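In what follows, a structure is listed as structure tokens, so that the remarks can point back to it.
The values are calculated or read from the model by the stated rules, or taken from the named source; none is laboratory data. Note that the coordinates shown come from a computational prediction; the quantities given were computed from them, not determined experimentally. Neighbour counts are summed over all protein chains in view; Cβ atoms, including those assigned to glycine, are modelled from backbone coordinates with ideal geometry.
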């Protein structure tokens, strides 16, 4: 009986050791992880920062992270990533927008959606875009593209970064107990939860890809080259050339 009891006690201690190691890791590196994930998401890589912000709030609620420090770090990371795109948009112009739209999940509607959004909201887009997937990275680049002043950019983008950070860190802080219990349940599921989450992301990407290919097939029309158009005009054909680009495309590249 003593042998079994000792074995049970040893079994119980393993999770505690693991939790202590995890707590020590979070206490030591939590701020670095928070800054890195937020920064990486803002420069356009597909790493979700929202769960990390919620977790940071929960850790602050549990006394394992400073709440004010977490908010400041998140805002700084957000601004750092956005400033990179702002400068690239200001220096490289249209090419940056083309790059961002090419790597987006919906490249065919990327420019058109962004055009409508900026036309409607102006510089306020920098605040609102933080809460709209796909526009968070585009907005700073467009601010640079259209020569929005650095002062206005810092004002509106900074406000957006603060509101976006608070929108997820504060709920995590207030619901820290519930989030901790949820994390424990997720830890028990382990690899199965990771598999389901990964399968969901892959399925979504495949759906978007297939949907885009079908749409392109439906919209595919016969086209002529610029040289053919020039030759037809020189031969005296009556032609009407209509620029179907939106206002955003035309302003960014008016001579195409």
Q) Residue check, residue 216 against (1) surrounded by fewer than 13 Cβ atoms within 10 Å (Cβ to Cβ); (2) modelled with pLDDT under 70; (3) within 24 Å of the chain's Cα centre (by Cα), all met but one. Which one? A) (3)
Q.
Of everything in region 74-104, what is under 16 Å from the mean Cα position of the chain (by Cα) and modelled with pLDDT under 80? Give them in sequence order.
A. 97, 99, 100, 101, 102, 103, 104
Q: Please tell me if residue 134 is surrounded by 15 or more Cβ atoms within 10 Å (Cβ to Cβ) and at pLDDT below 80.
A: yes
Q) How many of the residues making up region 222-256 are at pLDDT below 75 and surrounded by 12 or more Cβ atoms within 10 Å (Cβ to Cβ)? A) 8
**Q.** Extreme residue, nearest to the chain's Cα centre (by Cα), among residues of region 121-171 that are outside any helix (DSSP H, G or I) and without any contact (Cβ under 8 Å) to a residue 24 or more places away in the chain
**A.** 133
Q.
residue 67 - would you say it is in contact with a helix residue (DSSP H, G or I) (Cβ under 6 Å, 6 or more places away or on another chain), surrounded by fewer than 22 Cβ atoms within 10 Å (Cβ to Cβ) and modelled with pLDDT of 90 or more?
A. yes
